[in-house]
Amino acid sequence: MYRKSVIAALITAGLAVGLTACGSDESPTATPSTTSTSAPTTTVSPFGAEAISDLGAKIERDNAEVIVATVEGRGGSPDQARAALLAGAAETGWTSGLSMAAPATDIRDIFGWRFRYNTGADSADAVRAATNTFMDNTASISIPASDSVAYALAVQHADPRGYNEKEHFYKNGETSASEYAAALPKAQAAYAELRDTQ
């Protein structure tokens, strides 16, 4: 009888300890979770998600690279390269040799001028020639290149061919000022992709 009483007391004591442990809010073996549930951020290229495999996006990227390399080859600053990218993005989306919609009847170069180069319209040589003209026009600009929109527009307006806004923007009443401002983030992202990440 004594042995049964001792066993019953031990079982009762064990159950009491077990119930106390179960009632506790803290688990001694629990470890804090270090797994993050947030999705990784992905950077979207200004040339499109398929900038390598999509032909149109590849042409845009290649042309933007030629613009930057040409500005650098002329001793231009990163701000000037961004302004040239901005003008190219606003005018033609970095695609040279595009047919101009009515009322225009010609094709335009990377900066929106009537194509007058002795080279293939949709070529790196055409982009290089147009960018050299852009850089030639920077000589008379007093606006700081760090003000990309104002600087790019001033360079375009300084062109001796005369900047006719209605010829450059003719679709739905756009203005050069609004189109250049809208193109600024794309140009900045393009420069970052082409140079800042190297």
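For the reader, a short list of remarks on this structure follows.
- Filtering the range 70-84 to residues that are touching a residue at least 12 places away in the same chain (Cβ under 8 Å) and surrounded by fewer than 21 Cβ atoms within 10 Å (Cβ to Cβ) leaves R74, G76, S77, P78, D79.
- Verdict on T131 being of a type outside the set (G, A, S) and closer than 25 Å to L55 by Cβ: yes
- Taking each residue of the range 116-133 that is of a type in the set (S, T, Y) and looking for partners that are open to solvent by 40 Å² or more (accessible area, probe 1.4 Å) with beta-carbon atoms closer than 7 Å, six or more apart or interchain, yields T119/D125.
- Restricting the range 85-97 to residues that are among the hydrophobic types (A, V, I, L, M, F, W, C) and closer than 10 Å to E60 by Cα, the residue that is least open to solvent (accessible area, probe 1.4 Å): W94
- Qualifying residue in the range 141-159 (condition: under 23 Å from D62 (Cβ atoms) and surrounded by fewer than 16 Cβ atoms within 10 Å (Cβ to Cβ)): no
- For the range 168-197, the tally of residues that are surrounded by 17 or more Cβ atoms within 10 Å (Cβ to Cβ) and of a type in the set (G, A, S) stands at 5.
- Subset of the range 130-140 [open to solvent by less than 30 Å² (accessible area, probe 1.4 Å) and among the aliphatic types (A, V, I, L, M)]: A130, M135
The values are calculated or read from the model by the stated rules, or taken from the named source; none is laboratory data. Just so it is clear, the model here is predicted, and its values are computed rather than measured. Methodologically, a virtual Cβ is constructed for each residue, glycine included, from the backbone with ideal geometry; neighbour enumeration extends over all protein chains shown. Accessible surface areas use protein heavy atoms only, side chains included; no ligands, DNA or RNA. Shrake-Rupley method; radii C 1.70, N 1.55, O 1.52, S 1.80 Å.
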